[in-house]
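The values are calculated or read from the model by the stated rules, or taken from the named source; none is laboratory data. None of the values given here were measured: they were computed from a predicted structure. Heads up, the Cβs are rebuilt from the backbone with ideal geometry, glycines too, and the neighbour counts pull from every protein chain shown.
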Amino acid sequence: MAEIIDGVLETHPRPCPQHALAASDLNTVLGPPFRQGRGGPGGWLFMVEPELHLGPHVVVPDLAGWRRHRMPSMPEAAFIETPPDWVCEILSPSTMSLDRGPKRRIYAEAGIGHLWLLDPGEGFLEGFALADGRWVVLATIQRSETVALAPFDAVPFPLDDLFPFDDPAAPALPET
């Protein structure tokens with residue numbers, strides 16, 4: 001994957017399976033209540049790894065969400081210029097310094113209202129809201145705790161749902 005951050009081409013390896021699974025599971029948890037309105041308010045669109053053109057920067061968050069009224073139709077281009085309302089970065093050793101540093105600043109400059117940083121290795125989720133151009137920490141959720149973070153606090157879910165291999169009680173599929 002490649003991004004252009006502060007005029008520098010940044011390349012990264014594809015994410016490890018733990019990273020990819022956490023992103024997929026978070027998308028699965030948020031989709032029914034917040035996109036389709038099943039058991040929740042609906043009204044959101046989610047994309048996995050969208051290419052965002054935010055001013056001179058080209059960034060690819062792991063997940064992004066737009067309130068439906070801000071993106072009434074599908075973009076024609078392979079990239080999106082409308083800043084999302086929420087982004088989530090799944091932290092990994094190869095990208096953590098970019099996610100916590102320049103990308104977080106770029107997201108604030110673009111006016112993205114909410115940022116989540118999910119660390120599947122350490123088992124925590126940090127939630128931030130943008131206030132007066134600065135990130136304010138809403139909460140840090142640890143393993144075994146419930147996620148009820150804006151903008152998706154209407155339908156709480158266990159953080160552990162994003163770490164299926166960490167649950168010793170999870171049923172394994174039978175061997176065939």
>> If I ask for residues that are of a type in the set (Gly, Ala, Ser) and touching a His at 6+ places or on another chain (Cβ under 8 Å), which ones from the range 1-49 would you list?
In response: 2, 43
> Has the range 81-89 got any residue that is under 23 Å from residue 31 (Cα atoms), hydrophobic (A, V, I, L, M, F, W, C) and in contact with a helix residue (DSSP H, G or I) (Cβ under 7 Å, 6 or more places away or on another chain)?
Replying inline: yes
>> I'm trying to understand the selection: among the residues of the range 2-54, which are modelled with pLDDT of 90 or more and basic (Lys, Arg)?
In response: 35, 38
